[in-house]
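Below: one structure, written as structure tokens.
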Amino acid sequence: VIPAIDIRAGRCVRLLQGDYSQETVFADDPFEMAIKWAQQGAEYLHVVDLDGAREGSAVNMGVISKICSESEVRIQVGGGIRDYETAARYMDIGVSRVIMGTSAVDRAGELERILNALGDESLIVSVDSRDGLVALDGWTRDSPVTVKEVIEDMESIGVKRCMYTDILKDGTLSEPNY
């Protein structure tokens, strides 16, 4: 189990089904939350820059950098990583794995560039689905692409790690759909 910290407007939050208007704030300081998880034995943290996911850029890199430099826990980070330069900047600050979702559908060539440059151990493809179709741009835009199509495409280019989110269950604290 990898604990998650979702960051929006500099705070730790949970969105209900990806809806930015239905937000629960858990803590004001993501760094302090990361330290708490590390003290409880977490070896990895899953960090999502929700602002970055919507805007397509690394909005919360400062606090993520602080987590990397001032804690022993390894970080996998997603949200707003749409190009090699952003992925490389995250790796340079000490992130262990970058997570890409939108680029798997919209910018497969850029995703391949990252895979080739950083290696398959440093990349996770996030496949976020609403009713079987992949959602993009921080879950604000639905694509016509199915989960199966994305997974098959990623496997064919050598991606070793994919993660799946059922958006309709995300943030509901309920059982999965299977």
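Selection of region 87-101 for residues being in contact (Cβ under 8 Å) with a residue 60 or more places away in the chain and either touching an Asp or Glu at 6+ places or on another chain (Cβ under 7 Å) or under 13 Å from VAL73 (Cα atoms) (or both) yields only ARG97. The test for being part of a strand (DSSP E or B) and either at pLDDT 95 or above or under 28 Å from SER21 (Cβ atoms) (or both) does not hold for TYR90.
Looking across region 35-74, the residues that are among the β-branched types (Val, Ile, Thr), in contact (Cβ under 8 Å) with a residue 40 or more places away in the chain and outside any helix (DSSP H, G or I) come down to VAL47, VAL48. Being of a type in the set (S, T, N, Q) and in contact with a Ser or Thr (Cβ under 8 Å, 6 or more places away or on another chain), is that true of even one residue in region 105-121? No. Considering only residues in region 53-106 that are touching a Leu at 6+ places or on another chain (Cβ under 8 Å) and polar (S, T, N, Q), the one that is nearest to GLY158 (Cα to Cα) turns out to be SER103.
The values are calculated or read from the model by the stated rules, or taken from the named source; none is laboratory data. Everything numeric here is computed off the predicted structure, so don't read it as measured data. Methodologically, a virtual Cβ is constructed for each residue, glycine included, from the backbone with ideal geometry; neighbour enumeration extends over all protein chains shown.
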